[in-house]
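Since the structure comes first, as structure tokens, the remarks are kept for the end.
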Amino acid sequence: MNTQSNKLRDLIHCGIFAAITAVLAQIEIPLPLVPISGQTLAVGLAATILGSRKGALSMVCYVLLGTVGLPVFAGATAGVPILLGPTGGYLFSFIIIAYLTGFYLEKTSFTLPQAMIANTIAMFVSLLLGTVWLKYVMGLSWVAAIAAGVTPFIIPGLIKAFLASWIGINVRKRLITANIMQEYKASA
């Protein structure tokens, strides 16, 4: 396959994961400031399946779609006010954690144990970044920010980290076997 075909295929993969994130964002449990949603599951899937650059690019696409007004964020919301509101830190963290998760897997191996480590670390990074943002945007104390932005998300986050790892590694293997995606080769 030529380089242009590979680039087009990569862009299609990124677009698909931006769309998957938009769909999973609508699966939510409302909480006062920040809902529990399927977004972080989608981020973990994107990174585990696509790797660092394409996983992060898919999240850039997702955030841009919401920024320009498509209702892709949790609760079918969109726009700059959402990005500047209580959930903005979590949304921006998706780009970072997709890159970090994929990078970790590229430097170690695309296996279930490594994916669990990567997705669990990513969950805590997202909670950290989102909670810092939440604290400053809402003017909360650290105790209140942690109570609203971390505590309710630990158990669901660990479950989503496991699901993203297990589903992601299995789907990745199948996509490579079907020649729909190329195996990542670390550069020397």
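Values quoted throughout were computed directly from the atomic coordinates according to the rules given, and no laboratory measurement underlies them. Given the structure is predicted, the values throughout are model-derived calculations rather than measurements. We place every Cβ from the backbone using ideal geometry, glycine too, and count neighbours over all the protein chains shown.
Once both labels are positioned 7 Å from their Cα atoms along Cα-to-Cβ, the gap between Ala178 and Ile154 label points is 3.9 nm.
Amide H contacts of Ile36 (H built 1.01 Å from N, in plane; Pro and chain starts excluded): Ile29, Leu31 sit under 5 Å, all sequence-distant by 5 or more or on other chains. Projecting the Cα positions of Ser58, Leu128, Val68 onto the charge dipole of the stretch 3-177 (unit charges on Cβ atoms of Lys, Arg, Asp and Glu, taken about the Cα centre) puts Ser58 furthest along the positive direction.
As a test of the formula, what do you get for the chain when each DSSP H run with n ≥ 4 contributes -39,500 (n - 2.57) and the sum is divided by the residue count, at 222 nm and rounded to the nearest 500 deg cm²/dmol?
Values: 8 runs with 135 residues, N = 188.
Computed mean residue ellipticity for the chain: -24000 deg cm²/dmol.
Figure the gain on full extension for Leu11 and Gln26 (residue separation times 0.36 nm, minus the Cα-Cα span) and round it to one decimal in nm. Show your work: numbers first, answer last.
Details: separation 15, 0.36 × 15 = 5.40 nm, distance 2.34 nm.
Full-extension gain reported as 3.1 nm.
For the chain, hydrophobic long helices are taken as DSSP H runs at least 18 Å long by C-alpha position along their axis with mean Kyte-Doolittle hydropathy of -1.0 or more; these are 3-25, 52-67, 88-107, 112-138, 154-177.
By the count of other C-beta atoms within 10 Å, a proxy for reagent exposure, Thr21, Thr101, Thr111 are ordered fewest to most as Thr111, Thr21, Thr101.
Among Leu50, Leu70, the order by Cβ neighbours within 10 angstrom, fewest to most, reads Leu70, Leu50. Listed from fewest to most Cβ neighbours within 10 Å, the set Ser141, Ser126 follows the order Ser141, Ser126. Mean sequence separation of contacting Cα pairs (under 8 Å, at least six apart), scaled by the length of the chain, corresponds to a relative contact order of 23 percent.
In a reduced charge model with +1 at each Lys and Arg Cβ and -1 at each Asp and Glu Cβ, the stretch 32-188 shows a dipole moment near 280 debye about its Cα centre.
Share of pairwise Cα-Cα distances greater than 28 Å in the chain is 22 percent (whole percent).
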